[in-house]
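What follows draws every value from the coordinates through simple rules; no lab data is involved. Just so we're clear, the structure is a prediction, and the values are computed from it rather than from any experiment. All Cβ positions, glycine included, derive from the backbone under ideal geometry; neighbour counts span all protein chains shown.
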Amino acid sequence: MLSHATTRDWLIPYADGMLAVDERRRIDGHIAGCASCAAELREVRELNLLLVTLPPAPPIAFAPFWLNLQAVLPQRRALRMPRIQPYRRLGIAFAMAATAVLVAAGSAFAAPAALPDNPLYPVKQLEEGVRLSLAPANERLTIQLQLANERLREAQAMASNHKPRLAEDSLRAFRVVVNDAAAGLKNSADPKVAKDALHKLHLKLDAVERENASRGDDDQQVKQLVEDANDELDRIEQEDAVEAPPTLVIGEQSTPRPTPQPTARPTPRPTPSDDEHHH
Amino acid sequence: MAQSEEVPSSEGDAEERRLIDRSAAGDQEAFRQLVLRYHRLVINVAFRALGEVALAEDVAQDVFIKVYKSLPTYRHDKPFKHWLHRVAANTVTDSLRRRRPVVSLDGLEQPLVSAGSDPQDVAARHDLQRAVRHAIASLPPHYRDTIALQAFGELSYDEIAKALDIPLGTVMSRLNGAKRLLRERLGDLVRPAEEANTA
């Protein structure tokens with residue numbers, strides 16, 4: 001028969017149905033003859049009842065919830081300057097020092113060709129950000145396409161150098177640039193130029209994936225990101241195609257995209273163990 | 001305590017992975033679809049913790065903003081839902097801790113399990129739920145975060161272990177400790193009616 005102290009230790013997992021059959025029987029045996037533990041078990045069950053009866057929220061409309069959320073979402077901040085990994089912090093510190101030296105010397109040089117594994121890469125990102133923000137509207141698309149091409153050049157180089165994580169970062173940053181450029185591409189004065197630009201980006205994406213596959217890493221995340229980026233370019237191109245004709249179509253309505261429906265999954269019941277004891 | 005909301009199938013997993021990667025790249029339409037899948041889950045967690053619709057919506061928005069900011073670091077090495085639960089539980093318990101208890105536990109001497117619609121019963125039940133929430137908020141962090149996933153997130157022991165990246169035995173140990181403290185702090189509120197009346 002279990003001791004009083006051991007039974008008390010196991011009452012909570014017992015009430016939660018977390019004990020195996022033989023353990024439950026042993027607890028049952030003790031409780032049958034121990035009024036104190038039986039009373040404690042009733043308290044545990046009362047507490048459980050309180051916890052599980054905290055009510056769910058009443059129905060809340062999604063559209064206003066999303067509109068409020070969208071209004072305060074940060075504007076793709078982390079992605080123009082992808083994840084700063086611990087080993088790159090040293091690079092950033094070095095880059096900041098280098099920037100100070102360069103500025104002091106009045107030099108315009110700022111590592112325009114630096115790759116993501118180069119300590120000067122953060123300087124390049126800063127320089128690109130400044131360049132884009134200062135660009136006149138009519139040059140913005142050109143610069144965005146240059147940056148998109150540059151991200152793919154970096155991704156290919158990183159895949160070639162067996163650095164798939166950095167290749168992934170460049171591909172994510174590519175998606176951000178392309179997303180930003182989508183409106184410009186859609187409204188381009190010369191649709192053929194926009195189409196050619198998208199075609200070239202497709203070719204470069206394919207080159208990234210070829211490099212990824214041929215270097216023995218064949219990183220699945222890189223592969224997936226390349227596929228997603230190709231899909232993104234297709235989507236932009238299709239939007240161009242749909243929106244290009246300036247003629248007014250009367251009598252047609254847009255069709256909303258179908259919403260994916262989730263499916264239920266049973267909750268697993270683990271076997272108990274107790275490998276840590278807090279107070 | 002099975003969680004039946006918005007759980008993707010294996011096909012859904014692949015689609016969800018794409019949505020996550022696209023959201024991490026700044027695609028707000030993809031993020032909208034992720035939010036559509038999980039907003040109900042997050043709002044429920046927040047409402048169970050806070051008990052007010054407007055506040056739950058605000059905190060749910062905070063949760064999704066944190067998720068959006070952190071998505072570029074998400075590595076698919078654990079289910080997105082578990083990761084989301086962890087962010088949600090942390091955010092709601094932080095919010096709960098910042099709010100001071102409105103109801104004194106001393107004023108709640110009668111245990112209540114009735115689900116009747118008598119206005120006095122309803123008011124007493126709300127007060128009791130509020131007392132439970134604040135008792136949870138007052139727990140030490142490792143207990144609080146674990147029981148928040150059970151009480152507010154309705155996760156099983158196994159799901160809590162995955163969400164927190166801790167062994168199952170640790171979950172049992174923490175829930176044990178958390179519920180012992182809750183019983184101490186809630187006192188007569190968790191004593192069955194006949195025992196409380198004779199005490």
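The table below gives the values:
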{"quantity": "Projected label distance in nm at residue A:131 and residue A:68, using a 7 Å step from Cα toward the beta-carbon", "calculated": "4.2"}
{"quantity": "Derived scalar couplings ³J(HN,Hα) [segment A:190-204; Karplus, 6.51 cos²θ - 1.76 cosθ + 1.60; whole Hz; x for Gly, Pro]", "calculated": "10, x, 5, 4, 4, 5, 4, 4, 5, 4, 5, 5, 4, 4, 5"}
{"quantity": "Peptide B:173-181, shielding by other chains (average Cβ, 10 Å cutoff)", "calculated": "6"}
{"quantity": "Protection proxy ranking of A:179-188, A:165-174 - average other beta-carbon atoms within 10 Å, highest first", "calculated": "A:165-174, A:179-188"}
{"quantity": "Convex hull volume per residue in cubic angstrom - Cα atoms of segment A:135-243", "calculated": "76"}
{"quantity": "Protection proxy ranking of A:37-49, B:137-149 - average other beta-carbon atoms within 10 Å, highest first", "calculated": "B:137-149, A:37-49"}
{"quantity": "Kirkwood hydrodynamic radius of segment A:4-51, Cα pairs, Å", "calculated": "10.7"}
{"quantity": "Within segment A:129-147, backbone nitrogen closer than 17 Å to the virtual label 7 Å beyond the Cα of residue A:190 toward Cβ", "calculated": "A:138-146"}
{"quantity": "Label-point separation, residue A:60 to residue A:214 (7 Å along Cα→Cβ), nm", "calculated": "5.2"}
{"quantity": "Signed unit charges on C-beta, dipole axis of segment A:4-51, positive-most listed residue A:50, A:31, A:17", "calculated": "A:31"}
{"quantity": "Averaged over B:80-87, number of beta-carbon atoms from partner chains that fall within 10 Å", "calculated": "0"}
{"quantity": "Burial order of peptide ranges A:203-210, A:58-65, B:18-25 (average beta-carbon count within 10 Å, highest first)", "calculated": "B:18-25, A:203-210, A:58-65"}
{"quantity": "Neighbouring partner chain Cβ atoms per residue of A:59-66, average, 10 Å criterion", "calculated": "5"}
{"quantity": "At R0 = 51 Å, FRET efficiency that the Cβ-Cβ distance of residue A:146 and residue B:58 yields, to 0.05", "calculated": "0.80"}
{"quantity": "Förster radius 45 Å - calculated FRET efficiency between residue A:39 and residue B:142, Cβ distance, rounded to 0.05", "calculated": "0.95"}
{"quantity": "Rounded Å value of the spacing that divides the Cα centres of segment B:41-64 and segment A:1-52", "calculated": "33"}
